[in-house]
1. Tell me the carbon and sulfur percent of the accessible area for the chain, rounded to whole percent, probe radius 1.4 Å.
2. In degrees from 0 to 90, rounded to the nearest 10, what is the angle of the helix 58-75 Cα long axis to the longest principal axis of the chain?
3. If you take the charge dipole of region 5-105 about its Cα centre, with +1 on Lys and Arg Cβ and -1 on Asp and Glu Cβ, which of Pro43, Thr85, Ala72 is farthest toward its positive end?
4. With Cβ to Cβ distances under 15 Å as the rule, what net charge do the other residues near Ile5 carry (K, R +1; D, E -1)?
5. For Gly106, what charge total do you get from the other residues with a beta carbon under 13 Å from its beta carbon, if Lys and Arg give +1 and Asp and Glu give -1?
6. If you project the alpha carbons of region 5-105 onto the principal axes, what extent comes out on each, in Å, largest first?
7. Suppose every Lys and Arg Cβ carries +1 and every Asp and Glu Cβ carries -1, with no other charges. What dipole size does the chain come out with about its Cα centre, to the nearest 20 debye?
8. Which of Ala72, Ala27, Ala16 moves the most in a Gaussian network model of the chain with Cα springs under 10 Å?
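The values are calculated or read from the model by the stated rules, or taken from the named source; none is laboratory data. Being a predicted model, the structure only gives us computed values, none of them experimental. When we count neighbours, we look across all protein chains shown, and the Cβ atoms used for this are built from the backbone with ideal geometry, even at glycine. Ligands, DNA and RNA are stripped out before the accessible areas are found, and what is left, the full protein with its side chains, is counted by its heavy atoms. Shrake-Rupley method; radii C 1.70, N 1.55, O 1.52, S 1.80 Å.
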Amino acid sequence: MDDCIFCRIVRGEIPADVVYRDELVTAFRDIEPMAPVHVLVIPVRHLQSTRDVELRDEPMLGRLLRVASVVAQQEGIADLGYRLTINTGRDGNQLVPHLHLHVMGGRMFGWPPG
Ligand code: AMP
């Protein structure tokens, strides 16, 4: 996806505060953080959303969660807890059409989400 903003971040064409990178996923700080720690973990392969997940994506999906856990440790939010969120489609309020996992912490979150 040439014009996908998150694909461009993966390729290094747009600046981002990257905190983790490997062959399957990239993690970078959200540009408009909703919490003291707010990192997005995204697949390198372009998937619009969880609707597009295929069998071949299972290793990447496992990596996505593991890296979220590593990032939470690195950012010092693991002990008190954090919120992992994937927004999908219109009703999920997904704004960027490249699958991403929000890792948010450093404050208390409510439930249910608004
Ligand atoms: P969502 O509503 O789940 O699609 O969230 C998209 C997230 O991407 C929002 O929290 C945005 O602040 C974030 N975002 C959009 N553009 C950028 C960017 N260039 N760098 C970092 N985060 C971004």
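1. Values: 3810 of 7090 Å².
Its accessible area is 54 percent carbon and sulfur atoms.
2. Compared with the principal axis, the helix lies near 40 degrees.
3. Pro43
4. Details: positive: Arg8, Arg11, Arg29; negative: Asp2, Asp3, Glu13, Asp17, Asp30, Glu32.
Local net charge: -3.
5. Details: positive: Arg29, Arg83, Arg107; negative: Asp30, Glu75, Asp79.
Charge balance in the 13 Å sphere: 0.
6. Per principal axis, max minus min of the Cα coordinates gives 33, 29, 26 Å.
7. 160 debye
8. Ala16
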